[in-house]
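*Asks:* Take a look at the following structure, please.
A short reminder: the numbers here are calculations on the coordinates, not readings from a lab. Predicted model only: the values in this text are computed from it and were never measured. As a convention, Cβ positions derive from the backbone with ideal geometry for all residues, glycine included, and neighbour counts pool all protein chains shown.
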Amino acid sequence: MTTEPISTPAQTHYSEFVLSTLDQAEDAKLTGDYDTAIQLLNSVITDTPTCFEAYEELGDCYLSLRQLDAATKALTHAITLNPSSANAHYLLGFLYSLHQQWSRSIASLTAADSLTPNHPEILRCLGWSLYNSHRSARGIAVLERAHTLSDTDPNILCDLGVCYMNDQQFTLAKQSFESVVQHHPASTQAKECLTFLKMLEQRYSQ
């Protein structure tokens, strides 16, 4: 499962330096230049230690680099500075899912959902964690809700398809993966899932 950070604009009361540097860090992050982004974000933190957005972005960079301890530290501090940060709760919930700490993941993602209701990316991650915590019906229901809100999102469709496939709902799984291929022909994940699904169907038909 991949992550798509929830975009939240920086507070306007910050100085021009902070706002400009946050924008530069975002641009660097989007091009994959995480070292530059981290350096810029640390300069923001040095200037304005209460800038929770800088800690959010720092956590996101460390997540992308799979430096999970550093990401946890940054995101936890962002929440300490601003408990109402949906993005920090979301990213922390995603991080916990990487550790397969499903209960902690669900708690963080539920907090994010309460702060930013009906966001398809938050619901996608929440549905995935619910499914993997042995609450398969609830997890699929939440993923289906995410799909309703964003019906061509490849990450939602792939996660939903995998859950259907694991539940042996092969027709629905195939529809999900084929929808990804239709709307995102370059998606290798969906094509690989379709290949694996075909193998499973053959196994269960014997």
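*Asks:* Within 10 Å of each residue's Cβ, count the other Cβ atoms and sort Ile156, Ile38 from fewest upward.
*Replies:* Exposure proxy ranking, most exposed first: Ile38, Ile156.
*Asks:* Give the lysines reachable from Lys191 as a straight Cα distance under 19 Å; neighbours fewer than 8 places away on the same chain don't count.
*Replies:* Lys174
*Asks:* Can you list the HN-Hα couplings for the range 143-148, worked out from phi with the Karplus curve (6.51, -1.76, 1.60; θ = phi - 60°), rounded to whole Hz and with x for Gly and Pro?
*Replies:* 5, 5, 5, 4, 5, 4
*Asks:* Rounded, prolate or oblate: which one fits the range 118-206, using the alpha carbon gyration tensor with axes a ≥ b ≥ c (rounded when a/c is under 1.5, else prolate when a/b beats b/c, else oblate)?
*Replies:* Values: a/c = 2.34, a/b = 1.24, b/c = 1.89.
Cα axes put the range 118-206 in the oblate bin.
*Asks:* With θ taken as phi - 60° and the coefficients 6.51, -1.76 and 1.60, list the Karplus ³J(HN,Hα) couplings across the range 184-193 in order, rounded to whole Hz; mark glycine and proline as x.
*Replies:* Going residue by residue, I get 9, x, 7, 5, 7, 4, 5, 5, 5, 5 Hz, with x marking Gly and Pro.
*Asks:* Among (1) 1.11; (2) 1.07; (3) 1.45, only one was calculated for this model; which label is it, if the read-out is Cα Rg over 2.2 N^0.38 Å?
*Replies:* (1)
*Asks:* How do His147, His13 rank when sorted from fewest to most other Cβ atoms within 10 Å of their own Cβ?
*Replies:* His13, His147
*Asks:* OK, next. Going by average Cβ neighbours within 10 Å, how do the peptides 189-195, 97-103 rank, with the highest at the top?
*Replies:* 189-195, 97-103
*Asks:* Give me the aspartates and glutamates in straight-line cross-link reach of Lys73: C-alpha distance below 20 Å, same-chain residues under 8 apart excluded.
*Replies:* Of all the aspartates and glutamates, those that pass the test against Lys73 - Cα under 20 Å, at least 8 places apart if same chain - are Glu4, Glu26, Asp35, Asp47, Glu53, Glu56, Glu57, Asp60.
*Asks:* While we're here: Just want the answer: with Cβ charges of +1 for Lys and Arg and -1 for Asp and Glu, which residue in Ile156, Thr171, Gly127 is farthest toward the dipole's positive end in the range 124-182?
*Replies:* Ranked along the dipole, the leading option is Gly127.
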